[in-house]
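Throughout, read-outs are computed from the coordinates displayed, never taken from laboratory work. This is a predicted model, so every value here is computed, not measured. Counting neighbours? That spans all protein chains shown, and the Cβs are built from the backbone with ideal geometry, glycine included.
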Amino acid sequence: MKEIYVKGDTTRSLVSKFMPHSKNYARVLVYNSQYNGPPSDILSFDTPEGVPGTVQSLEAVPMGSSALYLVWKKPEQPNGILTGYKIYYQTVKGTKVGILNERNPAISDPRQTRAKLAGLESGTKYRIHIKATTQAGEGEGYFIEQRTRASQSAPPDIPRFTWARLPSDNGYAKIKVVWQPNLEGKPGSHFFVKYKLKDETMYSESANTLDEDYTIIRSLKPGETYEFRVVAVDGEYMTESEPEEIDTYTVDGPIIQPKENVATAGWFIGMMLAIAFLLLVLILVCIVKRNRGGKYAVHEREAAHGRHDYPDEPGFMEYSQPLDNKSHGRGSMSSDPKAAPESDTDSMAEYGEGDTGRFTEDGSFIGQYGPNNGKKKQEEQPSPSAIATYV
């Protein structure tokens, strides 16, 4: 909470202490020599972008006799969205400074915190300025002074590098190589890149990179493996880095499979469904087998009365004539001559007990048609009157 004091004879004031590119709050209190009055309602409002503050630090490391390697930290108060940096430099001779020059091109990547300043005079002192930028313009400058080395050259230390794949260009792959010179020793003045296919013996070389610490290698074959080296140069001396293999993949880039949770993976769910389906089919088959394979009571009863021509295996069978001449079941449907079929009473006698020719229930007349009553009908001819009386 910040406060400003306004004279009591005015009702307005210009406040210039709000933070750019942020939400701010304000309230007004009336006070006298003893107390503060109750505050007003709180107002809130968003402020637009402003120019950024200064970078937190800046270092310059001599590279050879004509370049400086700059390293800085981004502003602590950007006051907006950073859009890049601008670098200026001028010579310093005694108490006089030369014309202010701008490094070209300007840095348009706000994430970049390194740059090479080349094309300088050897053994000369320079004042280097750096300013961060937003849509509102350039911020406050930060400067240091550094002297370039004399024209004497020395073998550079072994360099290092990083690389990144870039989108394809007309069906060919592109690789961005960033040189990382040894700032604690002898980095060299500039560099170039050597590269070749893994199975080849001859290297191709890029042009010398004098003003930047990176270069882009184009027209690489997709789906191949290349071997890259960075070569640091200082005068007539050159030092190569360790080789590194880089895969260019295809034009569309590598296919990256996301990690799956086993419980939600498609193959796992499919396997579990297949196992459940197979178990269901097995249960249905067992039920059908159980229903079709039993022996019924008729089968056992026929076997008890002498018929043993049933197969041992369960299921249906084709009908065949019994081996003996006497039928123990239904009559055959064939046209071959055979013995007269048994009467119903004979068949009933096989399964029943006693005289089946007549019933013993009182009032029944079915016994009139028993086997012995036929002769009585022939011997005794009832009179017509008796028949009529009977009816």
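Farthest towards the positive end of the charge dipole of segment 150-255, among the residues SER204, GLY235, PHE161, is the Cα of SER204, using unit charges on the Cβ of Lys, Arg, Asp and Glu.
Site pair GLU236 and GLN180 shows an inter-label distance of 3.3 nm when each label is modelled 7 Å from Cα along Cα→Cβ. Computed 3J(HN,Hα) for segment 52-64, one whole-Hz value per residue from the Karplus formula 6.51 cos²θ - 1.76 cosθ + 1.60 where θ = phi - 60°, is x, x, 7, 5, 6, 7, 8, 10, 10, 10, x, 10, x, glycine and proline marked x.
Towards the positive end of the charge dipole of segment 99-140, with charges on Cβ (+1 Lys, Arg; -1 Asp, Glu), say which of ILE130, THR113, ILE99 has the farthest Cα. Most positive-ward Cα: THR113. Taking the Cα centre of segment 1-136 as origin and assigning +1 to Lys and Arg Cβ atoms and -1 to Asp and Glu Cβ atoms, the resulting dipole is close to 440 debye. Applied to segment 212-217, the Karplus parametrisation 6.51 cos²θ - 1.76 cosθ + 1.60 on θ = phi - 60° returns per-residue 3J(HN,Hα) values of 10, 9, 9, 8, 10, 9 Hz, with x for Gly and Pro.
Residue pairs exceeding 27 angstrom between C-alpha atoms, taken from LYS17/LYS74; LYS74/LYS125; LYS96/LYS116; LYS74/LYS174; LYS125/LYS186: LYS74/LYS174. Taking the average, over residues, of other Cβ atoms within 10 Å as the packing measure, peptides 122-128, 270-276 rank 122-128, 270-276 from highest down. Remark: spin-label model distance ILE275-TRP163 equals 4.6 nm, labels positioned 7 Å along the Cα→Cβ axis.
For segment 38-44, backbone phi angles converted through the Karplus equation (6.51, -1.76, 1.60; θ = phi - 60°) give residue-by-residue couplings of x, x, 7, 4, 7, 9, 10 Hz, Gly and Pro being listed as x. Evaluated with a Cβ-only charge set (Lys, Arg +1; Asp, Glu -1), segment 157-247 carries a dipole of roughly 320 debye about its Cα centre, given to the nearest 20.
Report the residues of segment 83-100 in range of a label on GLU121: point 7 Å along Cα→C-beta, backbone N strictly under 14 Å from it. Output list for this probe position: 90-100.
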